[in-house]
There are 2 protein chains.
Amino acid sequence: MYLQRDLERGAKGNYDWLVDEVGELGEALDSNNMEAVQKEFADVLAWLASLANTIGVDLETAALEKYKHKCPKCGHCPCGCSF
Amino acid sequence: MYLQRDLERGAKGNYDWLVDEVGELGEALDSNNMEAVQKEFADVLAWLASLANTIGVDLETAALEKYKHKCPKCGHCPCGCSF
């Protein structure tokens, strides 16, 4: 949605925004305002995705490569399937 | 994958882990090691989802409610569709 603006801001600027949003999520959690909490989760995810986009990382691929059907520490899937 | 352990750790403990992982993502970005960067993106997303799960927030729903087909500030979709 904001790719052009994010690209102009650059990775460092987008990372700083991500850090700010994580702080706001912490404040919302302390306040126990669940509507605010939900919005801050959306913002953290949005900034994480924006940062990834600006440096050419596909967030979904990154997550699946590390975590799909396996614990990154032991290499096995904790659900008991054959992975 | 780690729901039981995350529930036992509690929201505050999971939030602290999220903050640590965001810091590690920043260090990876500074190092320009793209393999490390990709893994840290996976970790931040994993801890964000774990934190959401431990307090009953659906991360996908939270993101879609705030951002689906609209800019949260102006209410319109920047792609030019009719939303």
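Points to keep in mind about this one:
- For segment A:1-74, diffusion coefficient by Stokes-Einstein and Kirkwood Rh (Cα), 25 °C, 0.890 mPa s, µm²/s: 181 µm²/s
- Fraction of accessible area attributable to carbon and sulfur, the protein assembly as shown (%, probe 1.4 Å): 51 percent
- Per residue of peptide B:26-38, the mean number of Cβ atoms on other chains within 10 Å of the residue Cβ is 3.
- Dipole axis of chain A (+1 Lys, Arg; -1 Asp, Glu on Cβ), positive-most option in A:Tyr15, A:Asn33, A:Leu59: A:Leu59
- Nearest beta carbon of chain B to the B-to-A rotation axis, with distance in whole angstrom: B:Val22, 3.
- Computed from point charges on the beta carbon alone (+1 for Lys and Arg, -1 for Asp and Glu), the dipole magnitude for segment B:6-67 about its Cα centre is near 200 Debye.
- Between copies, the label points at A:Asp58 (set 7 angstrom from Cα along Cα-to-Cβ) are spaced 2.6 nm, reported in nanometres from shortest to longest.
- For B:Glu27, the point set 7 Å out from Cα toward Cβ sits 2.8 nm from its twins in the other copies, listed from shortest up.
- Whole-number D in µm²/s for the protein assembly as shown (Stokes-Einstein; Kirkwood sum over Cα pairs; 20 °C, 1.002 mPa s): 129 µm²/s
- Dipole magnitude of the protein assembly as shown about its Cα centre (Cβ charges: Lys, Arg +1; Asp, Glu -1), debye to nearest 20: 520 debye
- Backbone HN-Hα couplings from phi across segment A:53-59 [Karplus 6.51/-1.76/1.60, Hz, Gly and Pro as x]: 4, 5, 10, x, 9, 8, 4
- In plain terms, the C-alpha convex hull of segment B:1-44 casts an average shadow of 3.1 nm² when viewed from every direction.
- Between copies, the label points at A:Leu3 (set 7 angstrom from Cα along Cα-to-Cβ) are spaced 3.5 nm, reported in nanometres from shortest to longest.
- Of A:Leu64, A:Leu51, A:Leu29, the one that fluctuates the most in a GNM where chain A has Cα springs shorter than 10 Å: A:Leu64
- Residue-by-residue Karplus 3J(HN,Hα) for segment B:34-50, coefficients 6.51, -1.76, 1.60, Hz, glycine and proline x: 5, 5, 5, 4, 4, 5, 6, 4, 4, 5, 4, 5, 5, 6, 4, 5, 4
- Under 25 Å of direct C-alpha separation, and excluding same-chain neighbours fewer than eight residues apart, B:Lys70 reaches these lysines: A:Lys39.
The values are calculated or read from the model by the stated rules, or taken from the named source; none is laboratory data. Since the structure is predicted, the reported quantities are computational estimates derived from the model, not experimental observations. Cβ sites come from the backbone with ideal geometry, for glycine too, and all protein chains shown count toward neighbours. Areas reflect the complete protein model, heavy atoms only, side chains present, ligands, DNA and RNA absent. Shrake-Rupley method; radii C 1.70, N 1.55, O 1.52, S 1.80 Å.
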